[in-house]
Amino acid sequence: MSRIGKLPIAIPDGVEISVSDANLVTVKGKLGELTQQMDPKITIRVENSILYVQRGSDAKDERAKHGLYRALLFNMIKGVSEGFTIVQEMVGVGYKASASGQSLELALGFSHNLILELPKEVLLQTTAEKGKNPTIILKSHDKQLIGQVAAKIRSFRKPEPYKGKGIRFQGEEIKKKAGKSAAGA
């Protein structure tokens, strides 16, 4: 039995789950609605506001998908009830971020500013306080989408290992390299 897949999921108040005949799971909550296509070999059962994910046999493919779909459903339920937040810091001299609607404008030391259009499901906010690194705050009910957007923003300037400059997740530790020490005398 999958250690992740066998864990039941408590469904909070205000979250509604429905399964169609084509194994399409829809989760509705106060923050939005998410859908996920499920494998027909994986079944879902709801009893007393607790969701159970079950598999038909112990085949390798079904064991792998058992935990996967349980994790996806858990993230969907958490997303529509609480939401997800990702905070990214911009470390470097002259690095700036500004938001206008769903457009994120980044000044990252290139010859021109980068402009990224974000999906409407992702809420964008930027902060720039004197003496602190500029931050980009992303909020959404869809964990997969917000993770993709954060990875795209980070890919413009990954943290480099010598000075630590770049876009990093808040609280992320960057392993720094020593660099060149004394030249051979």
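The values are calculated or read from the model by the stated rules, or taken from the named source; none is laboratory data. A quick note: this is a predicted structure, and the numbers were derived from the prediction, not measured. A quick note on method: Cβ atoms are made from the backbone with ideal geometry, for glycine too, and the neighbour counts reach across all protein chains shown. With ligands, DNA and RNA removed, areas are computed over all heavy atoms of the protein, side chains included. Shrake-Rupley method; radii C 1.70, N 1.55, O 1.52, S 1.80 Å.
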Q. From the set of residues in region 70-96 that are aromatic (Phe, Trp, Tyr) and either open to solvent by 30 Å² or more (accessible area, probe 1.4 Å) or out of contact with any Asp or Glu (no Cβ under 9 Å at 6 or more places or on another chain) (or both), which is nearest to GLU33 (Cα to Cα)?
A. PHE74
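Could you tell me whether LEU51 is of a type in the set (A, V, I, L, M), touching a residue at least 40 places away in the same chain (Cβ under 8 Å), in contact with a strand residue (DSSP E or B) (Cβ under 6 Å, 6 or more places away or on another chain) and under 14 Å from GLY5 (Cα atoms)?
When the stated conditions are applied, LEU51 passes them.
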Q. Quick one: would you say THR35 is in a strand (DSSP E or B) and over 16 Å from the mean Cα position of the chain (by Cα)?
A. yes
Q) Of all residues in region 103-123, how many are in contact with a strand residue (DSSP E or B) (Cβ under 7 Å, 6 or more places away or on another chain) and either open to solvent by 40 Å² or more (accessible area, probe 1.4 Å) or over 16 Å from GLY32 (Cβ atoms) (or both)? A) 13
Q: Select from region 1-28 the residues that are surrounded by 12 or more Cβ atoms within 10 Å (Cβ to Cβ) and assigned to a loop (DSSP other than H, G, I, E, B) and list them in ascending order.
A: SER2, ILE4, GLY5, LYS6, LEU7, PRO8, ILE11, PRO12, VAL15, ASN23
